[in-house]
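See below for the structure under consideration.
The values are calculated or read from the model by the stated rules, or taken from the named source; none is laboratory data. Just so it is clear, the model here is predicted, and its values are computed rather than measured. So basically every Cβ, Gly included, is an ideal-geometry build from the backbone, and we count neighbours across all protein chains shown.
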Amino acid sequence: MRRPSRETAQSQRRITRRGLVLGGLQLGVLGTLGFRMHYLQVKEAEQYRFLAEENRINIELIPPTRGQIFDRTGRIVARNVPAYRITMTRKDAGDVDSVLARLGALIDLAPEDIATALEELRTRRGDTPITVADRVTWDEISRVAANAPALPGVTPEVGLSRTYPLGADFTHVVGYVGPVSDYDLARIDAPDRLLLMPRFQIGKTGIEAREEDRLRGKAGTRRVEVNAAGRVMRELDRREGQPGTDLQLATDYMLQNYVQARLGEESAAAVVIDTETGDLLAIGSSPAFDPNLFVNGISSTNYNALLQNDHRPLVAKSVQGVYPPGSTFKMVVALAALESEIITPEETVRCRGYIEVADNRFHCWKRAGHGNMNLHTALRESCDVYFYELALKTGIERISAMARKLGLGQRYDIPMSGVHAGLVPTREWKRAARGADWVIGDSVNAAIGQGFVLASPLQLAVMTARIATGRRITPRLIKSIDGVEQPSGHGEPLDINENNLRAIRRGMFSVSNNNRGTAFSSRILADEFRMSGKTGTSQVRRITPAERRAGVTRNEDLPWNRRDHALFVNFAPHDLPRIAVSVVVEHGGGGSATAAPIARDITLQALYGDDPPLSAYPAKDRARISSQQEKLRDLRPPARDDRPTRA
């Protein structure tokens, strides 16, 4: 039966529309394929031709520029310098031994460097570059680059390395960097990929270690094209990282240099603190060492020499060393008694040269005794018996509370290694730490800064600054971070009666300026800079009754490590304090003979900002001081260079 013409027409129209839709889809697919083929075969032809020749694309980390460190005047303390090195990637090298042999024919490779490289190539991932030779010359870099086809997997590189232009002066403050070790990696839960780069340097001690995250920065990346031999053909794109943060210290490089030079080869430490801001203008420890030795790995010979030195050059004694504070602790005992209203400054104690407590005799340093002593004269002449009596009346709990108020017994948050909290003992502490009760003899020993009491030179400087100002000064080592000023350590007023503080300051003034004071020979003659101080001598051995009867052996007749520690603390000028100073000389003998002259010289240097006039010193010292100034002048760093730009 024939279909009506109308139905036939409608059917044809439907077929036509379907054909058009299908044809359009086919044309779209073909067009897309054609466009893609044109893009791949024409626009991307070069890239895929290289890939067809066994090239590949690598993504590499770009190490950030490490933040630099400056002193308070802008003098560079830690900077970055270009360094050339040769690296090798095991995956690209193939026959590692053969490639190393060809490389050794081009540049000098020490046997130990080859052994280290082979060990790292064996243990690290195959695609991790390993440093074969570090700090090579430009000529060596050129020879390696010229022979690149014969050295698969070997890459000459230009990087940055750390250097310390002021050498040993800032060793214990700034510290040093060194290559990342397996020990470093083991201590980190999820190490940054940067740490796996060949000989990447991180902070090991001091500010370099404590401020590592700030100084390191963030890595960038680059996409490079590498051929079958492992050579980089071209850089496809790059994403810059974030450079490390620059730090400015509160420390003055010229004063720091003077402090280190003045301490010389003594086993000693000195701290200078600004009484307005808490800035650590100098914080020295001796003997020191050149931190540049550690940057690329110190030799066993040099390291063992440092380890075996009985003056412990690796220790930052200014913050890590803790010592019985000796008679410098007497201001703490006196203030505790005054604040508790147990005594008045005028009350006297008779010193016969000793007191007897619980069948034990505790001696004064002056065998014949001082006679009647009040607070002022007891501080001036450092009478032990006076302070024995004060401690027995006051009690260890009040003394310890005052010690903490003045800054002892606490760990300050400054970015140096091993900052020690010291020790301010209490009854509870002794029960917990020693499993014994506090006895009366413990209080007598604490009265003169012996027994369990321990303090660092930093803590003694803070204590002195707080006595001088009546404020809760805290030390500040970093002045600014990337130009942003950090909080001052000015501090709020201490809860101590100002009249009591004045009584202590008057006694300290007499120590240095009265002819019966224990530091009179180390006084400052310049009226505008007169200082107030306190000597201290702390025993490191027990003097037996038999030795006392026969006569106590003089320090100079003892082996060095059995001599007393010498201490001195001071602030200046007396009427308007600007700085506080502490000096500790390990096994230096008497504080008045050894530590006080060093502290006086440092104080004058800090106040004058240069070599003080000889008229500021007692006449008997001027010839020695003149010779000393000339000798120390030769040790000064050259005139300040301009602030370098970031590499």
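Of everything listed in (1) modelled with pLDDT of 95 or more; (2) touching a strand residue (DSSP E or B) at 6+ places or on another chain (Cβ under 8 Å); (3) more than 13 Å from Ser592 (Cα to Cα), the single unmet condition for Leu501 is (2).
Of everything in region 74-105, what is basic (Lys, Arg) and either at pLDDT 85 or above or not assigned by TED's automatic domain parsing to the domain that holds Val154 (or both)? Give them in sequence order. If the condition is that a residue be basic (Lys, Arg) and either at pLDDT 85 or above or not assigned by TED's automatic domain parsing to the domain that holds Val154 (or both), then Arg75, Arg79, Arg102 are the ones that fit. Contact annotation: residue pairs with Cβ atoms under 8 Å, 6 or more positions apart or on different chains, pairing a residue in region 390-407 that is within 20 Å of Thr464 (Cβ to Cβ) with a partner that is among the acidic types (Asp, Glu) and surrounded by 17 or more Cβ atoms within 10 Å (Cβ to Cβ), are Met402/Glu339. Selection of region 358-372 for residues being touching a Lys or Arg at 6+ places or on another chain (Cβ under 6 Å) and in contact (Cβ under 8 Å) with a residue 24 or more places away in the chain yields only Asn372. Taken together, the residues in region 381-409 that are touching a helix residue (DSSP H, G or I) at 6+ places or on another chain (Cβ under 9 Å), within 28 Å of Gly321 (Cβ to Cβ) and basic (Lys, Arg) amount to 2. When region 354-380 is filtered for residues that are buried (at least 24 other Cβ atoms within 10 Å of the Cβ) and acidic (Asp, Glu), nothing remains.
In this structure, is Thr535 of a type outside the set (Phe, Trp, Tyr), under 30 Å from Ile207 (Cα atoms), touching a residue at least 12 places away in the same chain (Cβ under 8 Å) and touching a Phe, Trp or Tyr at 6+ places or on another chain (Cβ under 8 Å)? Criteria not met by Thr535. Of the residues making up region 434-485, those that are surrounded by fewer than 17 Cβ atoms within 10 Å (Cβ to Cβ), within 29 Å of the chain's Cα centre (by Cα) and assigned to a loop (DSSP other than H, G, I, E, B) are Asp482, Gly483.
If you check Glu140 against the conditions, is it closer than 14 Å to Ala83 by Cα and either among the β-branched types (Val, Ile, Thr) or part of a helix (DSSP H, G or I) (or both)? When the stated conditions are applied, Glu140 passes them.
For region 186-228, a residue qualifies if it is polar (S, T, N, Q) and part of a strand (DSSP E or B), and the qualifying residues are Gln201, Thr221.
The set of residues in region 558-615 being assigned to a loop (DSSP other than H, G, I, E, B), in contact with a helix residue (DSSP H, G or I) (Cβ under 8 Å, 6 or more places away or on another chain) and under 13 Å from Ser538 (Cα atoms) consists of Arg563, Asp564, His587, Gly588, Gly589, Gly590.
Residues that are more than 30 Å from Ile399 (Cα to Cα), polar (S, T, N, Q) and within 21 Å of the chain's Cα centre (by Cα) within region 277-301 comprise Ser286, Asn292, Asn296, listed in sequence order.
To keep it simple, each residue is scored yes or no on (1) under 42 Å from the mean Cα position of the chain (by Cα); (2) of a type in the set (D, E, K, R).
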{"residue": "Leu307", "(1), (2)": "yes, no"}
{"residue": "Thr328", "(1), (2)": "yes, no"}
{"residue": "Met331", "(1), (2)": "yes, no"}
{"residue": "Ile343", "(1), (2)": "no, no"}
{"residue": "Glu346", "(1), (2)": "no, yes"}
{"residue": "Arg350", "(1), (2)": "no, yes"}
{"residue": "Cys364", "(1), (2)": "yes, no"}
{"residue": "Asn374", "(1), (2)": "no, no"}
{"residue": "Ile399", "(1), (2)": "yes, no"}
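Here Thr137 does not qualify as out of contact with any strand residue (DSSP E or B) (no Cβ under 9 Å at 6 or more places or on another chain) and of a type in the set (Ser, Thr, Tyr). Would you confirm whether or not region 504-512 contains a residue that is of a type in the set (Ser, Thr, Tyr), without any contact (Cβ under 8 Å) to a residue 40 or more places away in the chain and assigned by TED's automatic domain parsing to the domain that holds Arg624? The answer is no; no qualifying residue exists. Select from region 66-105 the residues that are in a loop (DSSP other than H, G, I, E, B) and buried (at least 17 other Cβ atoms within 10 Å of the Cβ) and list them in ascending order. Arg66, Gly67, Gln68, Asp71, Arg72, Arg75, Thr89, listed by residue number. On inspection, Arg554 does not qualify as in contact (Cβ under 8 Å) with a residue 24 or more places away in the chain and either within 28 Å of the chain's Cα centre (by Cα) or over 21 Å from Leu263 (Cβ atoms) (or both).
Of the candidates Pro637, Pro612, the single residue that is surrounded by 12 or more Cβ atoms within 10 Å (Cβ to Cβ) and at pLDDT 95 or above is Pro612.
Among the numbered conditions (1) under 27 Å from Asn58 (Cα atoms); (2) buried (at least 19 other Cβ atoms within 10 Å of the Cβ); (3) among the aromatic types (Phe, Trp, Tyr), the only one that Trp138 does not meet is (2).
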